[in-house]
Amino acid sequence: MPFLSEVQLTVVQGTANWRLLAPLVYRSGIRGDIDVPAGFVTDMASVPRIAWRLVPPADRGIRRPSIVHDFLYRTPDQPFTRLEADRVFYEAMRECGMGLGKANL
């Protein structure tokens, strides 16, 4: 399994965001180990409402990959382009057991 740690989250009161309580480590075949630090705040997956029946925002196959994607995309000192962050997101979804059709959505 490419995730080397379990996800531990708490809701950020008054928002739709979540805060990591412990580091989340993902071993990417594309970019090596990616360490998302405790305290990082994520909004999880931004799945359009129309697609919720196919990929609910709380789907286990998207939860951890979404955190890694947000970290890569929103952390300015990370050497990742948006395309690279999206590729890692896709890779992580597939590694978490999300089917090809859903991951491509």
### Task
Return the long-range amide H neighbours of Phe3 (sequence gap of 5 or more, or a different chain), with a cut-off of under 5 Å between placed amide H atoms.
Arg27
## Note on the structure
Under the 7 Å Cα-to-Cβ spin-label approximation, Ser46 and Ser5 lie apart by a distance in nanometres of 2.5
### Message
If you count only protein heavy atoms with a 1.4 Å probe, what accessible area per residue comes out for the chain, rounded to a whole Å²?
### Response
60
### For the chain, calculated [θ]222 nm from helices alone, where every DSSP H run of n ≥ 4 adds -39500 (n - 2.57)
-10000 deg cm²/dmol
### Query
Within the accessible area of the chain, what % is carbon and sulfur when the probe is 1.4 Å and the other protein chains stay in place?
54
### Query
Non-local amide H neighbours of Asn17 (under 5 Å, H modeled in plane, Pro and chain starts lacking H): which ones?
Val12
### Phi-based couplings in Hz for region 82-87 (Karplus 6.51, -1.76, 1.60; Gly and Pro marked x)
4, 4, 5, 4, 5, 5
### Task
Compute the Rg/Rh shape ratio of the chain: radius of gyration over Kirkwood radius, all on alpha-carbon atoms.
0.93
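The values are calculated or read from the model by the stated rules, or taken from the named source; none is laboratory data. It should be emphasised that the depicted structure is a prediction, and the values quoted were computed from it without experimental measurement. Cβ: placed from backbone, ideal geometry, glycine included. Neighbour counts: every protein chain shown. Note: accessible area is taken over every heavy atom of the protein model, side chains too, but ligands, DNA and RNA are not part of it. Shrake-Rupley method; radii C 1.70, N 1.55, O 1.52, S 1.80 Å.
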